[in-house]
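The values are calculated or read from the model by the stated rules, or taken from the named source; none is laboratory data. Only a predicted model underlies this, so the values are computations on that prediction, with no experimental measurement involved. For the accessible areas, the whole protein counts, side chains as well, though only heavy atoms, and no ligand, DNA or RNA atoms are used. Shrake-Rupley method; radii C 1.70, N 1.55, O 1.52, S 1.80 Å.
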Amino acid sequence: MASARSGIVPESSETPSKPENYVIVSSSSGEAYRMVKPYHFDFSCSVRQRWFGQNIIDIFSREFPARDRSYYLQALADGRLRVEGCEVTAETPLRDGQRMRHFIHRHEPPVPAGPIQVVGQSTDAVAVCKPHGMPVHVAGQYRKNTVHGILTAERPDLGPLYPVHRLDKPVSGLLLFARSPAAASALCAQIESRGVEKVYVARVLGRFPEAPPGQQFVVADVPLDWDPVANLASAVPEAAAAVEAADAADAAVAPAGAGGAAACSAAPAAAEAGREVAGGRQLAAVRRAFRELLCVAPGLTRPHVKPRTGRTHQIRVHLQWLGHPIANDAQYGGTYGGPVASRQLALQMGVHWSNKGEGGDGGSVKGGTAGGSQGAAAAAAFRSEPQYRLPPELCDGLCIHCPFYAPKDYPLDLRPLWLHARSYSCVDGSWSFSAELPQWAHADWVPPPPAQ
């Protein structure tokens, strides 16, 4: 049985991805998936203030419940669970300044197979077409099976890459990476200052309305509320006046000179007061412009989306508010079968879910797989066929996920959301990148029947 003391050299957050870390596995129905060979990983975490005086077993059992208490007791005895620089027992209280470590066998969720297409390069940036079903960078249980990790492994000729923005996992399309930290900061500043024109395409329910006379686009500027617990955004039109006043306060910064310091300090306070409306919710003023591109099927339209600002789920909520939700976005009113967020899938499956990192194992879960959900079906599928089974030399006797590549009971839905980042262009004309349209955005594509 492998252990932290058996001579195995674990990976860390600094270990780069390599081509040999991946295998491509095809299902019996013909879909191909990229799997990561499980690897030993040394997770580390400082003792936080709220944990002072508690023992390491209580902390890990409560904070990282993907594994049960008996596992952590065995891991402590085996040397996998430890505190840097000292010996501890299951009763030893921990204190400020100590650092805990957990030596684990890490399994990453699968992603759709296929190369990541590089669609353009410049002195400062690399543009790629992100596939659906793949996170951009390290998040939860994903570390190597990300756009950044795969590019690091397969395209070393591109050099070091630094994420500039992100797209949600089920969203595809144009994704920018910078070639240096300085270039990343400059590109982020361009995007935040609205110096970059972004164009998306979506497939929505209904016939999208024409723009008002004299205008090119239908504009949505309703404020949004974000619920981090439910991972859900919502439109709050009744807060528009308060948020508009808050934005005006943000802009009311006096020039340097007499009274400048006082004005600068007062503006943020006024802005926050204006945003904390409707029960203390933090609201943001956001704006999208929409235009119909093509009516492609009965009841479906493909609009052209030009966001001026960027907030989580903003396009999805604004389309819902306009009465034309993305057709397969069940979270925001779609009626066609589409991807379900991991948090919602976990609830359906009756398993624990957390994206804060499960003792080094990302968003792990615990409990048996419940029937009746897309996530349960996917979790079972990736552990039901012989090609998904690990060779014996890659297994670990203490690992709760072995003997399969995919993690046990992971809430997974790899279907695409019908939203695609089409292009990013600098408004001064200095650069422009675009990505090809996905299959669902083509005029001759026939959608599946709506979900029942």
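A few comments on the model shown:
- For the pair the range 67-119 / the range 160-212, the C-alpha centres are spaced 35 Å from each other.
- The mean accessible area for residues of the range 381-437, using a 1.4 Å probe and ignoring ligands and nucleic acids, is 43 Å² per residue.
- Out-of-range pairs (alpha-carbon distance over 19 Å; input K18/K169; K18/K144; K130/K408; K130/K169; K37/K144; K130/K198): K18/K169; K130/K408
- Candidate residues T335, T146: accessible-area rank, largest first, probe 1.4 Å: T335, T146
- Heavy-atom accessible area for T152, with the other protein chains in place and a 1.4 Å probe, reaches approximately 60 Å².
- Relative contact order (%) - the range 159-216, alpha-carbon pairs under 8 angstrom, separation at least six: 27 percent
- Each Cα pair under 8 Å and six or more residues apart adds its sequence gap; the mean of these over the residue count of the range 385-452 is a relative contact order of 17 percent.
- When nucleic acids and ligands are ignored and a 1.4 Å probe is applied, Y33 ends up with an accessible area of around 40 Å².
- With contacts taken as Cα pairs under 8 Å at a separation of at least 6 residues, the range 1-121 carries a relative contact order of 35 percent.
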